[in-house]
Each structure stands twice: as C-alpha cells, then as structure tokens.
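Novice: Below is the structure I would like to discuss, written out as structure tokens.
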Amino acid sequence: MAMLSFLGAIQQVTGSCYLLETQAGAKILLDCGMRQGRRDDESGNRAPFAFDPKAVDAVVLSHAHLDHSGLLPRLVAEGFTGPVHATDATCDLLELMLLDSAHIQEKDAEWENKWRQRVGKPLIQPLYTQLETERMLKQCHAHHYAQAFEVAPGVSLTFYDAGHILGSAIVQLEVTEQGQTRRLVFSGDLGNVQTPLMHAPTALEQTDVLLMESTYGDRDHRNVEETVEELAEILKQAHKDGGNVLIPSFAVGRTQDLIYHLGQLYQQGRVPQQAVFLDSPMAIRANDIYYRFLDQLDISESALQHFGGPNRLHLDTWLPILRPTLSPEESMAINRVKSGAIIIAGSGMCTGGRILHHFKHNLWRRECHLVIAGFQARGTLGRMLVEGAESVKLLHQRIAVNAQVHTLGGFSAHAGQSALLEWAGHFKNTPALYLIHGELEKMQTLQTALQERLKLEARIPAPGDRISL
Ligand SMILES: [Zn+2]
C-alpha cells in the first residue's frame, strides 16, 4: 500500500513537505517549502532532506508561497531532475518568488562571509543560487484547474482552486494499486472567503485521507467590512497625527487585496494621505501576473468597472495616488517623506526587505502608525511588534517602538475556524483526517471543534510520522 510521510509544516506553519511513496516505488513530493521564522528554524533549511532528491519522481506544488516552494532550487541542486507540477499562475509566480529568494540567499551569504572572513571562520555557500533556481524553473509543468493528469504510473493528480492566492490549489491524488483506488486530498493553504479577489476554496466531497491546514484553527477572522472601516479610521488618525502609515505586506496576495481595499476607500474619498508607496519590486511584478490571470480571479463586474474596465486595467483609475517604487533610489527617497504617506513594503512578517528601512525612519516616531495585517509566525520581528515590544533590533541597531501598532484581523488569506469546519464538512464520507500547517495549540482547538461539531476525529501527526493510505 502507498505510504505518506509527514516531513514539514508539522505542528508549525512553515516548511510544508510531504512524501507519497507508492507500492510500485514511485516517489511524489508534495510541496518543498522553506522554514521561516526563528533562526534555528531557518537553519533547518540547510539540514539534509529526509529522502534522496535523486530518487524523487515528481514534485506537486500547492502554491507559490515560499513556505511551500522555497527549497525547490536546493532539491534540484541536490539531484532532482523530474517535473514540478503546478497550476499555470503558480508557475509564473514561482519564477518571481524563487529568483527573488535566490537573490536574498546570495546576498545573505555574501554578508555573512564578510564577518566570517574577519574572524577567520570558514565561509558558507548560499542556500541556493540564481543559476540553480533558473535550472529548477525549467522543470516546471503548468496545469489548469480541475483537469486530471497522470503524475506517476497509477497516480492521477487534479488541482482545484484553493482561493488563497492566485494559482493556489487543493491537491487531489488518486493512487491505484492492485485494482484498488485510494484518494488523498491535500488542502494546501485554504483561502479566506471574504478576500475580495479570490474565489471560495473548492468544496470536495470524497476522499479517503485528508490533510487539512489549520493556521487559524482556533478562531474566526474579523469581518472584512469592519476591518476596512478600522483601516479607514487609522488613515484618518495618522493624517491628524501628521505621521506615515506603514504596512508590511506579503508581495503576493496580501498586497493586491490591500490595493483593492485602499482603492475602494479612495473612491469613497476616505484616503486623506497624498501617496500610497508600493515599495516592493516583487509586489509590483506580482501585480502584473495578477492582471495576466484576471479570468482566474473573483472580480465582480462592478469591481472591474472600478478597475477601469477590462481593457484599462491600470490602477491609475482605481487608486491614482499609488506610487510603485522599483529602484533603490526611489525607495530611499521615501525616507524624506515625514507625513502623508502610506508605505506598503515587504516582507510580510518583517523578517527582511525594504520595510526594515521604513521602520528605521518611522517606528520611533509617535505620530506614525504601523498596520499589521497578516499572520506573524513565532520568532519574527512582526510577532514581537504585535506582542507589544517597546524596542526592536533591526539593521544592526535598536529602535524604539513609539508608533501606534494596529493589528487588523480581517485581511487574512487563510480560512478561519468556521470556514475550515465548513470546508471539512463537505466531505460526504468520513476521511482519515490529519491536521497540518498550524501551531499545536491552534490545531488542538480545531481538533476539539471538529469532534464537537462534525463528529470528525482529527489526528495531529508528529514530524516524520508515516501512514499508509
Ligand atoms: Zn500560502
């Protein structure tokens, strides 16, 4: 019988990775994610794979976020030569995200080697390079939603829209062995029904084994309309206080939603700021990919009108004060703006990127406002800020946190508890259910809710656990 190993994003939210091995010997890897967060978590990215990359036949990728895809170049560098199956939009986003990630890896290694050289320590190699990443990208195979194809002998794969970010998929695998077919559904990251641009996660009705994410297994998100109201209030207050508004944001997904919401407020005359700086080359490029796949988004006819009609999909009519800043010079020029600016920049959990420079120039100023709009993993700078740190260390200096910190709960790209229960409730049979991609306490809360409300017995696997399908 086919076996499934739980290798990553087990009792935590990053490093998504599962291995399916069929009786006939096919090895299919589901996701090959990077660990993000604490330093010791990230050092896990350099640990040897729990399997031989050369022996893997195919990779199936749920979506482009790095915590699901970020180790693919390393997998290829260590000998994986097979196809990487993903949706068409995921393949495009992947190129953007992995090349950026490789660039960061190279820069980080260069930086670290500078001090290593000074103290006489051995030099390190980057986790992977842009060259290795380019090689990996050639192995991508693009697919449409809801079209089954054979991924290995006796294994059929279908992607369904997960509604999380553009291209995100729920993965359904059917393994036929000795005339018997067993079905495995891997939820990937399930989207938040309330996000403006994405469809609801596809409801599936049959599976034998179900792996379900549980990032927000313990709670529901705030309502989106209320959250937009909250954002409008913050903009008003920041205008009164005479400071800037900083919004750390994931380049893919969150940023496009934010632009949508800010545009909506702008159309209502409720953005008193003079400029919205989109200070993220990756987000600017991700916007272009979103436009290319507009047909996959859930944009109503009326929203399309706002965007300027199908042939004029330029944000200059939706949010005319949007200023995309591509070059480092343009980015640095923002430092001179002391008030009246909304600054959207990466990274989403404040672990790097241009947002750190804006923190340096704004976080210590009482009149500024910081808006945290997404999940902040344990150990990240974003989590420290959410938890009320009085000062933080960044760019080699300690900065006082005097700006007002706001946490907006309604813009999440993940399903909240009720939505997870609803999605799991669509299955007509009773699958063997495993909770993945969540912190332990949140999983336990979800486990109880699944039992109480759906009479579903959910298991919480430990890292390295193996089950038969
Ligand atoms: Zn994701």
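Novice: Of these, Leu420, Leu408, which one is of a type in the set (A, V, I, L, M) and within 16 Å of the ligand (Cβ to nearest atom)? It would help to see each step written out before you state the result.
Specialist: Working: Leu408 fails: within 16 Å of the ligand (Cβ to nearest atom).
None of the other options fit; the residue is Leu420.
Novice: So Glu226 passes all but one of these: (1) in contact (Cβ under 8 Å) with a residue 60 or more places away in the chain; (2) within 30 Å of Leu262 (Cα to Cα); (3) within 16 Å of the ligand (Cβ to nearest atom). Which condition number does it fail?
Specialist: Every listed condition holds for Glu226 apart from (3).
Novice: Given the options Arg270, Arg285, name the one that is modelled with pLDDT of 90 or more and part of a helix (DSSP H, G or I).
Specialist: Details: Arg270 fails: part of a helix (DSSP H, G or I).
Only one candidate passes the filter, namely Arg285.
Novice: Checking Glu213 against (1) open to solvent by less than 10 Å² (accessible area, probe 1.4 Å); (2) away from the ligand (no atom under 12 Å from the Cβ): exactly one of these is not met. Which one?
Specialist: (2) is the only condition that Glu213 fails.
Novice: Same structure again: Across region 71-84, what is the total count of residues that are in a loop (DSSP other than H, G, I, E, B) and farther than 18 Å from Leu173 by Cα? Reasoning before the result, please.
Specialist: Residues of region 71-84 in a loop (DSSP other than H, G, I, E, B): 71, 78-83.
Going one step further and asking which of them are farther than 18 Å from Leu173 by Cα, we end up with 71, 78-81.
Within region 71-84, residues that are in a loop (DSSP other than H, G, I, E, B) and farther than 18 Å from Leu173 by Cα number 5.
Novice: Additional query: So, Leu96, is that one under 19 Å from the mean Cα position of the chain (by Cα) and surrounded by 20 or more Cβ atoms within 10 Å (Cβ to Cβ) or not? Give the derivation first.
Specialist: Numbers: under 19 Å from the mean Cα position of the chain (by Cα): yes; surrounded by 20 or more Cβ atoms within 10 Å (Cβ to Cβ): no.
Judged against the criteria, Leu96 is not a match.
Residue by residue, here is whether (1) touching a strand residue (DSSP E or B) at 6+ places or on another chain (Cβ under 9 Å); (2) farther than 21 Å from Arg35 by Cα; (3) modelled with pLDDT of 95 or more holds:
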residue	(1), (2), (3)
Asp108	no, no, no
Thr133	no, no, yes
Lys138	no, yes, yes
Leu157	yes, yes, yes
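Novice: Further question on the same structure: Out of the strands (runs of 3 or more DSSP E) lying entirely within region 95-200, which hold 3 or more residues that are within 16 Å of the ligand (Cβ to nearest atom)?
Specialist: Values: elements: 140-143, 149-152, 155-161, 169-177, 180-186.
The qualifying strands (runs of 3 or more DSSP E) are 155-161, 169-177.
Novice: Further question: Do we find that Leu319 is farther than 30 Å from Ala9 by Cβ and modelled with pLDDT under 95 in this structure? Please lay out each step first, then the result.
Specialist: Numbers: farther than 30 Å from Ala9 by Cβ: yes; modelled with pLDDT under 95: yes.
Spelling it out, Leu319 is indeed farther than 30 Å from Ala9 by Cβ and modelled with pLDDT under 95.
Novice: Within the bounds of region 449-469, is there any residue that is open to solvent by less than 10 Å² (accessible area, probe 1.4 Å) and within 16 Å of the ligand (Cβ to nearest atom)?
Specialist: Checked region 449-469: no residue is open to solvent by less than 10 Å² (accessible area, probe 1.4 Å) and within 16 Å of the ligand (Cβ to nearest atom).
Novice: Continuing with the same structure: Which members of region 30-70 meet the condition of being within 16 Å of the ligand (Cβ to nearest atom), outside any loop (DSSP other than H, G, I, E, B) and either touching a His at 6+ places or on another chain (Cβ under 8 Å) or open to solvent by 10 Å² or more (accessible area, probe 1.4 Å) (or both)?
Specialist: Residues satisfying the conditions are Val60, Leu66, Asp67, Ser69.
Novice: Right, here's the next one. Condition check: under 17 Å from Met349 (Cβ atoms), open to solvent by 40 Å² or more (accessible area, probe 1.4 Å) and away from the ligand (no atom under 16 Å from the Cβ). Does Glu78 satisfy that? Walk me through how you get there before you give the answer.
Specialist: Numbers: under 17 Å from Met349 (Cβ atoms): no; open to solvent by 40 Å² or more (accessible area, probe 1.4 Å): yes; away from the ligand (no atom under 16 Å from the Cβ): yes.
When the stated conditions are applied, Glu78 does not pass them.
Novice: Somewhere in region 206-223, is a residue under 19 Å from the mean Cα position of the chain (by Cα) and among the β-branched types (Val, Ile, Thr)?
Specialist: yes
Novice: Turning to a different aspect of this structure: Being among the basic types (Lys, Arg) and more than 16 Å from the ligand (Cβ to nearest atom): is that true of Arg254 here? Show your work before the answer.
Specialist: Working: among the basic types (Lys, Arg): yes; more than 16 Å from the ligand (Cβ to nearest atom): no.
So Arg254 fails the test.
Novice: To continue, here is another question. Look through region 201-210, keep the residues that are in contact with a Leu (Cβ under 8 Å, 6 or more places away or on another chain) and assigned to a loop (DSSP other than H, G, I, E, B), and return whichever of them is most open to solvent (accessible area, probe 1.4 Å).
Specialist: Taking region 201-210 first, the residues in contact with a Leu (Cβ under 8 Å, 6 or more places away or on another chain) are 201, 207-210.
Checking which are assigned to a loop (DSSP other than H, G, I, E, B) leaves us with 201, 207-208.
On the way: Pro201: 25, Thr207: 3, Asp208: 46 Å².
Ranking the qualifying residues of region 201-210, first place goes to Asp208.
Novice: Give me the pairs: first residue in region 415-444 and at pLDDT below 95, second residue open to solvent by less than 50 Å² (accessible area, probe 1.4 Å) and among the aromatic types (Phe, Trp, Tyr), beta-carbon distance under 6 Å, and six or more apart or on different chains, which are they?
Specialist: So the pair list comes out as Gly416/Tyr216.
Novice: Can you spot a residue in region 7-17 that is within 15 Å of the ligand (Cβ to nearest atom) and either among the hydroxyl-bearing types (Ser, Thr, Tyr) or in contact with a helix residue (DSSP H, G or I) (Cβ under 6 Å, 6 or more places away or on another chain) (or both)? Spell out how you get there, then give the answer.
Specialist: Keep residues of region 7-17 that are within 15 Å of the ligand (Cβ to nearest atom), which gives 8-9, 12-17.
From what's left, either among the hydroxyl-bearing types (Ser, Thr, Tyr) or in contact with a helix residue (DSSP H, G or I) (Cβ under 6 Å, 6 or more places away or on another chain) (or both): 14, 16.
Yes - at least one qualifying residue is present in region 7-17.
Novice: A further question follows. What about Asn362, is it over 25 Å from the mean Cα position of the chain (by Cα), open to solvent by less than 10 Å² (accessible area, probe 1.4 Å) and among the polar types (S, T, N, Q)? Quick ask: steps written out before the conclusion?
Specialist: Numbers: over 25 Å from the mean Cα position of the chain (by Cα): yes; open to solvent by less than 10 Å² (accessible area, probe 1.4 Å): yes; among the polar types (S, T, N, Q): yes.
Judged against the criteria, Asn362 is a match.
Novice: Residues in region 165-193 that are crowded, with 20+ Cβ neighbours inside 10 Å and of a type in the set (Ser, Thr, Tyr): how many?
Specialist: 2
The values are calculated or read from the model by the stated rules, or taken from the named source; none is laboratory data. Computed from a predicted structure; not experimentally measured. Cβ coordinates were reconstructed from backbone atoms using ideal geometry, including for glycine residues, and neighbour counts include every protein chain displayed. Side chains included, ligands, DNA and RNA excluded: accessible areas come from the protein's heavy atoms. Shrake-Rupley method; radii C 1.70, N 1.55, O 1.52, S 1.80 Å.
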